Amino acid sequence: MKTLVVKQDEACMDLKAMEEAGRIIRDGGLVAFPTETVYGLGGDAFNPDSSRKIYAAKGRPSDNPLIIHIYREEDLERCVSVVPEAARKLAAAFWPGPLTMVLPKAKEVPKETTGGLETVAIRLPSHPVARTFIEAAGGFVAAPSANLSGKPSPTQACYVVEDMDGRIEMIMDGGDIPIGLESTIVDLTGEIPMILRPGYITKEMLEEVLGRVETDPTILDGTSTEAPKAPGMRYRHYAPKGDMVIVQGQREAVVAVINASLQEKKALGIRTGVLATKESMDEYQADVVKCIGSRQKEEEIAASLYRCLREMDDEGVEQIYSESFSSDGIGQAIMNRLLKAAGHKIINV
Ligand code: TXA
Ligand code: MG
């Protein structure tokens, strides 16, 4: 298949290409598009064949449900069987934006889209290109992140092209993505709202609107024997090709341990890399040192994490060491993705 790549500048959209993108979706094809969190791989949410194609294009297990993206709040009713008060409150506070809600699905939503579940995940993104596209596509776009299964989610169009060229009809290049981590997922089907995937909208922000909110206890703890409630959180994910280890502790100790490990690996002829913050990046003796951002600005770290992991692959790094972050606020989402990328390998020093 020939994949068409078109630029979509949010300030000045190519409306002809947008119309074409909408037509592709309505005809059962697939289009990758920018959102404020990561690039998405869209298909018609009400067309079971489109969902099957999404799984095939990503090489993703078909029991891992997709998120339905809408462009206006009233369309939530078409996708779900009940809209609880909590959903209304969250929509008012955080939509359009990086929040996904899990609710009981409406009958018409195909099982292919929900991975066989009776619940469905819904999100109303804020990115202008995403919203214009969803409207052009008929209003209901099922979309996972636009990466091959297991790879880091793409935050730049070049990585969408790398993973999806030849597999889908169109890629809309909207430039660099501002947030850089997937949306927060909150399950509203139980008695107490539960965070299934941490993201830019933090637990504290949700609690301000809803009162008590819990976090799926399995997602920050690699030793848990229970399966995470969001099926996608079970798979090895977000991962670079190289082996990765997180080192946690006081700054000097972390630098010393990482540098000692680097010497050992280098002696074996292994190509090494470090994911470091601006504050300590100059202290590492690795083949490749990537600055992930400043500890003073966690948003910056979130926005560059996946790009740094992809660049480690580009530069052929075989062994990666990463500094660790506090798990408050957005740090929780950063640590969640880092731990998954490292297969939960963490050294405390
Ligand atoms: O920011 C985002 O959410 C991006 C952009 C493109 O919108 N999308 C995204 O989709 O990250 P994906 O497919 O990579 O991740 C969706 C996650 C998976 O972990 C999946 O298991 C979970 O959402 N999920 C979807 N429907 C669910 C449901 N009904 N119950 C529990 N988890 C669900
Ligand atoms: Mg994904």
query: residue 10 label point, 7 Å along Cα→Cβ, cut-off 15 Å on backbone N: hits in the range 287-322?
result: 303
task: Among the lysines, select those whose C-alpha is under 28 Å from the C-alpha of residue 266, and discard any that sit fewer than 8 residues away in the same chain.
output: 151, 241, 278, 290, 340, 345
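In units of 2.2 N^0.38 Å, what is the alpha-carbon radius of gyration of the range 220-349?
Details: Rg = 14.1 Å, N = 130, 2.2 N^0.38 = 14.0 Å.
Cα-based Rg divided by the globular estimate yields 1.01.
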field: Simple spin-label estimate for residue 266 and residue 294 in nanometres, 7 Å along Cα-Cβ
entry: 2.9 nm
message: Given a 10 angstrom Cα cut-off, can you work out which residue in 114, 189, 37 is the most mobile in a GNM of the chain?
response: 189
task: Taking H placed 1.01 Å from N in the peptide plane, check which residues at least 5 places from residue 322 or on another chain put their amide H under 5 Å from its amide H.
output: 245, 246, 247, 275
query: Cα-Cα pairs above 26 Å in the chain: how many percent?
result: 48 percent
field: Simple spin-label estimate for residue 107 and residue 327 in nanometres, 7 Å along Cα-Cβ
entry: 4.3 nm
query: If you build the Cα gyration tensor of the range 154-271 and take the root of 5 times each eigenvalue, what three semi-axes come out, in whole angstrom, biggest first?
result: 31, 26, 15
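What length, rounded to one decimal in nm, is gained on full extension from residue 315 through to residue 281, with 0.36 nm per residue of separation minus their alpha-carbon distance? Mind showing how you got there, number by number?
Details: separation 34, 0.36 × 34 = 12.24 nm, distance 1.75 nm.
Residue separation times 0.36 nm, minus the Cα-Cα distance, leaves 10.5 nm.
With a Förster radius of 35 Å, plug the Cβ-Cβ distance of residue 27 and residue 82 into 1/(1 + (r/R0)^6) and report the FRET value to the nearest 0.05. Write out the running numbers ahead of the final one.
Details: r = 32 Å, r/R0 = 0.92.
That gives a FRET efficiency of 0.65.
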message: Along each principal axis of its Cα atoms, how long is the range 278-349 end to end? Whole angstroms, biggest number first, please.
response: 32, 26, 25
query: Relative to the Cα centre, what is the charge dipole magnitude of the range 251-314, using +1 at the beta carbon of each Lys and Arg, -1 at the beta carbon of each Asp and Glu, and rounding to the nearest 20 debye?
result: 100 debye
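Could you please rank 324, 50, 183, placing first whichever residue has the fewest other Cβ atoms within 10 Å of its Cβ?
On the way: 324 20, 50 24, 183 27.
In order of increasing Cβ crowding within 10 Å: 324, 50, 183.
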Rounded to the nearest 20 debye, dipole of the chain from Cβ charges on Lys, Arg, Asp, Glu: 680 debye
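What order do you get for 155-165, 9-19, 67-77, 82-92 when each peptide is scored by the mean count of other beta carbon atoms within 10 Å, highest first?
Numbers: 155-165: 20.7, 9-19: 12.8, 67-77: 18.7, 82-92: 15.3.
Sorting 155-165, 9-19, 67-77, 82-92 by mean packing, highest first, produces 155-165, 67-77, 82-92, 9-19.
In what sequence do 254, 102 fall when counting other Cβ within 10 Å, fewest first?
Values: 254 23, 102 26.
Final ranking by Cβ density, sparse to dense: 254, 102.
Every read-out reported here was derived from the displayed coordinates using simple, explicitly stated rules and does not represent laboratory data. Since the model is a prediction, treat every value here as computed from it, not as a measurement. So basically every Cβ, Gly included, is an ideal-geometry build from the backbone, and we count neighbours across all protein chains shown.
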